[in-house]
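The values are calculated or read from the model by the stated rules, or taken from the named source; none is laboratory data. Fair warning: this is a prediction, and the values are worked out from it, not measured in the lab. Don't worry about glycine lacking a Cβ; one is built from the backbone with ideal geometry, like all the others, and counts go over all protein chains shown.
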């Protein structure tokens, strides 16, 4: 009898508890999505913050230096007295594009060749062995690549190139940036080529095509949008790369490019200013935002282009 | 029928097969080149760095004299930065991912958030440094502190964590969600007790990989004004700091050969840290990953 009573009590209390927890969870049901929404909105605020930061400080910069001079002057010499200073972004942009071009000359053929080998020739076993090694290559910090460029690649080039090469130059960081991008192009291109259905390969082989012909004439055209998008993303990465070009590229912005001589990229200039003791509010301080804005626009265009290419020209099977 | 000219097919056969062989050789060569570069890089760093590597090197502060220099301040600075970055980026990243996967309606706003995140992932890290310099260092008045650095790093790796978490949440099958709803669980209960635990290994793997990227990142913290020469350990969130990659940059940019060897020793330590983090990530993926 007494046992029944306790049971009844506990059921009543259970109902009571259930009610209170239900009202509690009803509150949670309403609050929790809002908290997560705030998290999602923070990511938008990050973008807004970037755009706002770059725009306002760039406007301050353009109130001191004319926008025409910024885009047409080919000299970039900010570290002199104010009236002698030159702010011509062309010199920095050319430095950046030189390094990017050298990087792509290395990364595109090698990256694409690795992708074709892995997706068309290699056995599953080989692929399983090589892909993690490429991931290691992709995960190495850029500071390590910078060290490698300065202490290994530059001395090596100095021996190979007749007439030698200066300690800081465009060639060495360009090659190393290219090496850094190889895994990215290889893995993105391989993904695109893997998405091509096997039936197409088998069809071509049944017609008597060699593996090479299948790769070049069937798989590559079918995967072209993804492959090109990987190149464009690679270019974007190379433009934004900072430490390798800061360490091995030097700090002499120039519009007449000689790959064996010192250059300066946009990113390297921003680091150079942050490393010096430039005061807050000087023209030089604002100039890093104008350079950052240019850099941001360049990479944004490249990223949007990559998205556009892979969406617009994708072949559906 | 004579549709195929056998003679010309036969004539071309040899060169086509030769082209295939030659191309295969080139493709293998390119692959070997990438592997060779990795080998040379590791070999170079080991031969340059091992002589200076010792326990003193880890526990000493930076010094003008190479034989006395160490990475203690930089190592602790990196740990401090990670102590800020890890929780902030995890909470924001997973929160965003849960919102996008579980709560968001398919409307223009959701699409905008998604596009925004994929574009943020492509912004160069140095631009995040400029963002941190203006917002955290100047506007919020945090100075070049651990907190400012950690928050900047959180924003930098946020997109990576969001994308990884979204993928992890997407692998949780609908059936077990519906089973949970069928038992009378509310949406939040289902997310908290069913979806989140099931997706956690994937989320953790993605987060650790993102953090290992932050450990090796130099540029944004340089722009924020992290110090290059530090002879003290950060005491709280508002202390100035340096991190391992910045210390390595400082040594690499000096002309003396001894400092380059110090940098190589530091690189060995940095790579060991990254190797451990990546191993943990792979371990979690292999050990706890559920297949439904």
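A single member of B:98, B:115 is in a helix (DSSP H, G or I), in the same structural domain as residue B:189 (by TED's automatic domain parsing) and without any contact (Cβ under 8 Å) to a residue 40 or more places away in the chain, and it is B:115.
The helices (runs of 4 or more DSSP H) found wholly in segment A:87-193 and carrying at least 1 residues that are at the interface with chain B (Cβ under 8 Å from one of its Cβ atoms) occupy A:89-116, A:124-139, A:142-148.
Per-residue answers, yes or no, for (1) closer than 23 Å to residue A:74 by Cβ; (2) in the same structural domain as residue A:81 (by TED's automatic domain parsing); (3) buried (at least 17 other Cβ atoms within 10 Å of the Cβ):
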residue	(1), (2), (3)
A:260	yes, yes, no
A:279	no, yes, no
A:289	yes, yes, yes
A:305	no, yes, no
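One residue stands out among those in segment B:129-144 that are without any contact (Cβ under 8 Å) to a residue 60 or more places away in the chain and at the interface with chain A (Cβ under 8 Å from one of its Cβ atoms): the one that is surrounded by the fewest Cβ atoms within 10 Å (Cβ to Cβ), which is B:138. Report yes if some residue within segment B:219-232 is more than 11 Å from every other protein chain (Cβ to nearest Cβ), modelled with pLDDT of 90 or more and crowded, with 22+ Cβ neighbours inside 10 Å; otherwise report no. Scanning segment B:219-232 turns up no residue that is more than 11 Å from every other protein chain (Cβ to nearest Cβ), modelled with pLDDT of 90 or more and crowded, with 22+ Cβ neighbours inside 10 Å. Applying the condition of being within 7 Å of chain B (Cβ to nearest Cβ) and more than 13 Å from the chain's Cα centre (by Cα) to segment A:289-299 and asking which residue is farthest from residue A:96 (Cα to Cα) yields A:289. Examine segment A:78-86 for a residue that is closer than 30 Å to residue A:289 by Cα, within 12 Å of chain B (Cβ to nearest Cβ) and free of Cβ contacts under 8 Å to residues at least 40 places away in the same chain, and state whether such a residue exists. Within segment A:78-86 (the criterion being closer than 30 Å to residue A:289 by Cα, within 12 Å of chain B (Cβ to nearest Cβ) and free of Cβ contacts under 8 Å to residues at least 40 places away in the same chain), the answer is no, since none of the residues qualifies. Checked against the criterion of being in contact (Cβ under 8 Å) with a residue 60 or more places away in the chain and under 16 Å from the mean Cα position of the chain (by Cα), the candidates A:242, A:283 yield just one match: A:242.
Remark: pairs (first residue in segment A:201-221, within 9 Å of another protein chain (Cβ to nearest Cβ); second residue assigned to a loop (DSSP other than H, G, I, E, B) and at pLDDT below 95; Cβ separation under 8 Å; 6+ apart in sequence or on different chains) are absent. The set of residues in segment A:76-86 being out of contact with any helix residue (DSSP H, G or I) (no Cβ under 6 Å at 6 or more places or on another chain) and either modelled with pLDDT of 95 or more or assigned to a loop (DSSP other than H, G, I, E, B) (or both) consists of A:79, A:80, A:81, A:82, A:83, A:84, A:85.
Screening segment B:113-128 for residues that are under 16 Å from residue A:311 (Cβ atoms) and touching a helix residue (DSSP H, G or I) at 6+ places or on another chain (Cβ under 8 Å) and picking the one that is nearest to the other protein chains (Cβ to nearest Cβ) gives B:122.
When segment B:145-175 is filtered for residues that are touching a helix residue (DSSP H, G or I) at 6+ places or on another chain (Cβ under 6 Å), more than 13 Å from chain A (Cβ to nearest Cβ) and over 21 Å from residue B:235 (Cβ atoms), the ones remaining, listed by number, are B:164, B:168, B:172.
One residue is enough: does segment B:6-15 have a residue meeting the conditions within 20 Å of residue B:247 (Cβ to Cβ), in a helix (DSSP H, G or I) and not assigned by TED's automatic domain parsing to the domain that holds residue B:262? Scanning segment B:6-15, I find no residue that is within 20 Å of residue B:247 (Cβ to Cβ), in a helix (DSSP H, G or I) and not assigned by TED's automatic domain parsing to the domain that holds residue B:262, so the answer is no. Can you work out which of the residues in segment B:18-71 that are within 8 Å of chain A (Cβ to nearest Cβ) and either touching a strand residue (DSSP E or B) at 6+ places or on another chain (Cβ under 8 Å) or farther than 27 Å from residue A:135 by Cα (or both) is surrounded by the fewest Cβ atoms within 10 Å (Cβ to Cβ)? Taking the candidates together, the pick is B:19.
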